[in-house]
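Colleague: The following block contains the structure, expressed as structure tokens.
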Amino acid sequence: MAPLTLAKIAIRALLRNRMRTFLSVLGIVIGVAAVIAMVAMGEGSRISIKEQMTSMGSNAIIIMPNRDRRGGVQMESSEMLEEADVIAIREQATYIDGVSPMVSVSGQAIVGNNNSPTTLSGISADYLKIRNYEIEDGVMFDDEADRMAKVCVIGQSVVKNLFPEGDPIGKTIRYKSIPLKVIGTLKAKGSGDFGQDNDDVIFTPYQTVMRRFSATTNIRQIFANSIGEGYAEKATEEIMGILKERRSWTRPTDPFRVFTQEEMIQTITSTSDLISLVLTIIAGISLFVGGIGIMNIMYVSVTERTKEIGLRMAIGACGRDIMFQFLFESVIISLLGGVIGITLGIAASEIVKAFFNMPMSVSVTSVIVSFAVCFVTGVFFGWYPARKASRLDPIEALRFE
Amino acid sequence: MQAENPILSIQDIRRDFKMGDETVHALRGVNFDIHSGEFVTIMGTSGSGKSTMLNILGCMDRPTSGHYILDGEHTEKLKRDALARIRSKKIGFVFQSYNLLNRTTAIENVELPLLYNSSVSASERHRRAVEALERVGLADRMNHLPNQLSGGQQQRVAIARALVNDPVIILADEATGNLDTRTSYEIMMIFQELNRQGKTIAFVTHEPDIATFSGRTITLRDGLIKKDVINENVQDAKAAFEALPPPEMIDD
């Protein structure tokens, strides 16, 4: 029999049992919509992480001491970074664009009655381009001229907290009783990847922090950026080489740890990939359950329509006709569920994106795969009941009440 | 009439059923021919083998041994699908309980057999279904659903369905069994009319008065033919119907 005719018969049969058809379609709809939305969520967060990491500073590299711990116990005193390392990297490294130490102090910044619990970060001027900060007003301090100077550059959140009336340039912030003159403000960057406020910063020359605040020659971290994408590995090797050479390092373990932007993106995306994989699997299970729903309904349908099957056979339907009629029914249910589910999934993704400000990205692949999975689900779960129907004995089937 | 080749020929048909350890011999060597244009009643009590006979005649079952030649074709060795094709092209069934698809209009029910015949186009299918419904006098009920029709009307839809593929034989299985006398006679009128138009009909029943409307009666008993007689005095169903007391008087 022509497939089109069979499809028509199947559709007619489905329309005769609207409620039942609707419910079994619903099972698939929920499964597919969940898959689409979960994949969109995973995909969206992946893209957004990537964007935020790039906005944090392209090709950034962070160097920090390698704490050699075994069983939670520090085995030997770790090598510390110092100013000379920064200078050596700046002078010798060829794959490095900018380099800046990072030393910080926690405390309260106070102006009159206003205060802000902002970390004071000691850096050099290169830090701005490494982390993609830009000056909004005033100037950035100069590494040489403002060495140890009591000046600072502040982010927009600090401006808001400490200078509600605006115009902070030239005013003075007190940090741990030390007055720091505001010489510049930073353009707003917005919140970062994990909710931290990139505008809640106070920058001051690193020597100012080391000499005036913490009285140390050690540097906690060195920030650098490579000369471009794809140079992270070479830059890392080069930095490690310079740092080892300065210390005549011969031990097999590295004295420092170097994180690159690319590595961090990988680490974070692999975590979020895992989360979205788990969510997608759960959604996939609900699709599977929907498929079982179809199988169940098809079984009931075959049993209930045994007499109809007998009649169809008596008037000339062969086994294949019956088989395909029922297979068409299950495939139509699942494809219909697929189309509605995909539509709902996309709609849900858009709603979540619009109202909850979450990054969502519906991928074409997930739509195509869902649709294909629906088809396979329909065939897979419809197969057995359909085959059962096609193998009925017409005499027995006609006698069935 | 008897000179031409029979439309179907049953030759030493046996049919055994295995029931556990026992073998039931439902048919034990039955022979008869039916010629084109005959109206044959197959009678018998329950257990006589008449249902088995009907299933074999309808190509729904195969004999254990013997030959069944339908319209020049040996059917006894055919596979399921080949039998289905024969049912689709050569046989029209009318059942006791009508077996119409519910929630499906009369015309769609009548079109059903042609759906399984890919050589008939959709427009041809519709045309033939309309024609078949006209022949059973239901031209004005085409879009009614079975539950909007009386029992007699439903059986007429079923007859139209049996006619629509222009079968070589119409097989009726207790086709009046669910109907009252008046309606039974109405249905028999239709069968007689179809027979007059040249349709070959085999009618299985256990009611002797129904048999009087046919030209020949084959009586089965214990899997064998007990009697195969030509009915010299065929009753006219129309006359019998008109002789019945009007329905109001039955109600009293």
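Colleague: With springs connecting C-alpha atoms under 10 Å apart, model chain B as a Gaussian network and identify which of B:Glu73, B:Glu131, B:Glu111 has the largest mean-square fluctuation.
Modeller: Of the options given, B:Glu73 has the highest mean-square fluctuation.
Colleague: Only bridges whose two residues both fall in region B:144-252 count here: according to DSSP, what percent of them are antiparallel, nearest 5?
Modeller: Bridges in region B:144-252 are about 60 percent antiparallel.
Colleague: Over chain A, calculate the relative contact order: mean separation of alpha carbon pairs under 8 Å at least 6 apart, over the residue count, as a percent.
Modeller: Once normalised by length, the contact order is 29 percent.
Colleague: How high is the relative contact order of region A:186-315, given as a whole-number percent (alpha carbon pairs under 8 Å, six or more residues apart)?
Modeller: Dividing the mean separation by the residue count of region A:186-315 yields 9 percent.
Colleague: How far, in degrees from 0 to 90, does helix A:232-247 lean away from the longest principal axis of the Cα atoms of chain A, to the nearest 10?
Modeller: Between helix and principal axis, roughly 40 degrees.
Colleague: Right, here's the next one. Can you tell me how region A:80-254 classifies by the Cα gyration tensor, rounded, prolate or oblate, using a/c under 1.5 as the rounded cut?
Modeller: prolate
Colleague: When all alpha-carbon pairs of region B:199-247 are counted, what percent fall beyond 14 Å?
Modeller: 60
Colleague: If the convex hull of the alpha-carbon atoms of region A:210-279 is projected onto planes in all directions, what is the mean projected area in square nanometres?
Modeller: Value for region A:210-279: 8.0 nm².
Colleague: Which loop GluC sites (Glu not before Pro) in region A:183-271, with loop taken from DSSP, have no more than 13 other Cβ atoms within 10 angstrom of their Cβ? Show your work: numbers first, answer last.
Modeller: On the way: sites: A:Glu229, A:Glu233, A:Glu237, A:Glu238, A:Glu245, A:Glu262, A:Glu263; in loops: A:Glu229.
Here the GluC sites (Glu not before Pro) that fit, given the DSSP loop and packing criteria, are A:Glu229.
Colleague: Quick one: 3J(HN,Hα) in Hz for region A:40-50, Karplus 6.51/-1.76/1.60 with θ = phi - 60°, rounded, Gly and Pro as x.
Modeller: 4, 5, x, 5, x, 5, 5, 5, 5, 4, 4
Colleague: Moving on. Given 5 Å bins starting at zero, what is the percent of C-alpha pairs of region B:54-186 in each, up to the one with the largest pair distance?
Modeller: 2, 11, 20, 21, 18, 13, 9, 5, 1, 0
Colleague: If amide H atoms are built 1.01 Å from N in the plane of the peptide, which residues on other chains or at least 5 residues away come under 5 Å of the amide H of B:Ile91?
Modeller: B:Val168
Colleague: Then there's this: If contacts are Cα pairs under 8 angstrom and at least 6 residues apart, what is the relative contact order of region A:80-254 in percent?
Modeller: For region A:80-254, the relative contact order is 33 percent.
Colleague: Going by amide H atoms built from the backbone, whose H comes under 5 Å of the H on A:Leu81, apart from near neighbours?
Modeller: Amide H to amide H, under 5 Å and 5 or more residues apart or across chains, A:Leu81 pairs with A:Ile219.
Colleague: Which of A:Asp321, A:Asp85, A:Asp199 moves most in a GNM of chain A, Cα contacts under 10 Å?
Modeller: Greatest mean-square fluctuation among the candidates belongs to A:Asp321.
Colleague: Read phi for every residue in region B:131-144 and hand back ³J(HN,Hα) as whole Hz from Karplus 6.51 cos²θ - 1.76 cosθ + 1.60, θ = phi - 60°, with x for Gly and Pro.
Modeller: 4, 5, 5, 5, 5, 9, x, 10, 4, 8, 10, 4, 9, 7
Colleague: Then there's this: How much net charge surrounds A:Gly345 when only other residues with a Cβ under 15 Å from its Cβ are counted (Lys, Arg +1; Asp, Glu -1)?
Modeller: The answer is -1.
Colleague: Follow-up question, since we're still on this one. Using Cβ contacts closer than 10 Å as the measure, can you line up B:Phe17, B:Phe39, A:Phe326 from fewest to most? Spell out each step's value before the answer.
Modeller: Values: B:Phe17 12, B:Phe39 22, A:Phe326 27.
Placing the least packed residue first, the sequence is B:Phe17, B:Phe39, A:Phe326.
Colleague: What average count of beta carbons from other chains do you get within 10 Å of the Cβ of residues in B:87-93?
Modeller: Counting other chains' Cβ atoms within 10 Å and averaging over B:87-93 gives 4.
Colleague: In vacuo Debye scattering of chain A, one point per C-alpha: log10 I(q)/I(0) at q = 0.07, 0.08, 0.11 Å⁻¹?
Modeller: -0.55, -0.64, -0.86
Colleague: Just to be sure I understand: of the beta bridges DSSP finds with both ends in region A:140-272, what percent are antiparallel, rounded to 5?
Modeller: Around 65 percent of the beta bridges assigned by DSSP in region A:140-272 are antiparallel ones.
Colleague: Could you work out the local net charge near A:Val25, counting Lys and Arg as +1, Asp and Glu as -1, over the other residues with Cβ closer than 12 Å to its Cβ?
Modeller: +1
Colleague: Applying the Karplus parametrisation 6.51 cos²θ - 1.76 cosθ + 1.60 with θ = phi - 60° to the phi angles of region B:74-86, what ³J(HN,Hα) value in whole Hz is obtained for each residue in order, glycine and proline being reported as x?
Modeller: Couplings: 6, 10, 5, 9, 6, 7, 3, 5, 5, 5, 4, 5, 5 Hz.
Colleague: OK, next. At most 13 other Cβ atoms within 10 Å and a DSSP loop assignment: could you name the GluC sites (Glu not before Pro) in region B:157-235 that fit?
Modeller: B:Glu232
Colleague: Quick check: the angle from helix A:83-92's long axis to the longest principal axis of chain A, C-alpha only, nearest 10 degrees?
Modeller: 70
Colleague: Here is a further query. Apply the a/c threshold of 1.5 to the C-alpha gyration tensor of region B:1-105 and tell me whether it is rounded, prolate or oblate.
Modeller: On the way: a/c = 1.41, a/b = 1.05, b/c = 1.34.
It comes out rounded by the Cα gyration axes.
Colleague: Over 29 Å between Cα atoms: which of A:Lys176/A:Lys244; A:Lys181/A:Lys234; B:Lys79/B:Lys227; A:Lys307/B:Lys77; A:Lys50/A:Lys244 fall into that group? If you can, show how the numbers build up before the last one.
Modeller: Values: A:Lys176/A:Lys244 36 Å; A:Lys181/A:Lys234 39 Å; B:Lys79/B:Lys227 32 Å; A:Lys307/B:Lys77 26 Å; A:Lys50/A:Lys244 32 Å.
The pairs that break the limit, which is 29 Å between Cα atoms, are A:Lys176/A:Lys244; A:Lys181/A:Lys234; B:Lys79/B:Lys227; A:Lys50/A:Lys244.
Colleague: For region B:67-142, take the convex hull of the Cα atoms, compute a quarter of its surface area, and give me that in nm², please. Walk me through the intermediate numbers first.
Modeller: Working: hull surface 26.1 nm².
For region B:67-142, averaging the hull's shadow over all directions gives 6.5 nm².
Colleague: Rounded, prolate or oblate for region B:100-177? Axes are the square roots of the Cα gyration tensor eigenvalues, ordered a ≥ b ≥ c, and the cut-off for rounded is a/c under 1.5. Don't skip to the answer; put the middle values down first.
Modeller: Values: a/c = 1.73, a/b = 1.24, b/c = 1.40.
Oblate.
Every number here is computed from the coordinates shown, using simple stated rules; none is lab data. Since the model is a prediction, treat every value here as computed from it, not as a measurement. Methodologically, a virtual Cβ is constructed for each residue, glycine included, from the backbone with ideal geometry; neighbour enumeration extends over all protein chains shown.
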